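Asker: Please see the structure below; I have some questions.
The values are calculated or read from the model by the stated rules, or taken from the named source; none is laboratory data. Predicted model only: the values in this text are computed from it and were never measured. Here Cβ is always computed from backbone atoms with ideal geometry, including for glycine, and neighbour counts include all displayed protein chains.
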């Protein structure tokens, strides 16, 4: 005669902790991977989409602009444009440094966290 389990027995087996043991690892891995992707996508967006605002001018640029307004000559105009060129190159350099730091941080985070809790137990 074949044994048929009752509903109560089936319900208790369903909520037995040993049945869901492997799912915790999958959920943790999925959450960590989703968090990594959620952090990396805005960084990619920041790197790809052009910025539509000018950075705040430096104090030297403001002084050069004031000097040009007070004495508009070829020398003060050249000094103003030279300082604006320096500000642009500094801003570009800072953008490359920020992009490099984000890439290094992303590589380190992915290396250490991508397979967190997903390793198979040793035999």
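Asker: Of the residues 40, 44, only one is surrounded by 13 or more Cβ atoms within 10 Å (Cβ to Cβ), within 29 Å of the chain's Cα centre (by Cα) and under 25 Å from residue 109 (Cβ atoms); which?
Answerer: Numbers: 44 fails: surrounded by 13 or more Cβ atoms within 10 Å (Cβ to Cβ).
That would be 40, the only listed residue that is surrounded by 13 or more Cβ atoms within 10 Å (Cβ to Cβ), within 29 Å of the chain's Cα centre (by Cα) and under 25 Å from residue 109 (Cβ atoms).
Asker: May I ask you to verify whether residue 74 is more than 18 Å from residue 36 (Cβ to Cβ), modelled with pLDDT of 85 or more and loosely packed, with under 13 Cβ neighbours inside 10 Å? Please lay out each step first, then the result.
Answerer: On the way: more than 18 Å from residue 36 (Cβ to Cβ): yes; modelled with pLDDT of 85 or more: yes; loosely packed, with under 13 Cβ neighbours inside 10 Å: yes.
Criteria met by residue 74.
Asker: Something else now. Checking residue 51 against (1) surrounded by 14 or more Cβ atoms within 10 Å (Cβ to Cβ); (2) at pLDDT below 75, which single condition isn't satisfied?
Answerer: Single failed check for residue 51: (1).
Asker: Of the conditions (1) surrounded by 10 or more Cβ atoms within 10 Å (Cβ to Cβ); (2) at pLDDT 70 or above; (3) over 30 Å from residue 113 (Cβ atoms), residue 59 fails just one. Which one is it?
Answerer: (1)
Asker: Sticking with this one: Any residue in region 71-91 that's more than 12 Å from residue 60 (Cβ to Cβ): show its pairings with residues that are at pLDDT 90 or above at Cβ separation under 9 Å, as long as the two are six or more apart or on different chains.
Answerer: The qualifying pairs are 76/64; 76/67; 76/68; 76/69; 76/70; 77/68; 81/64.
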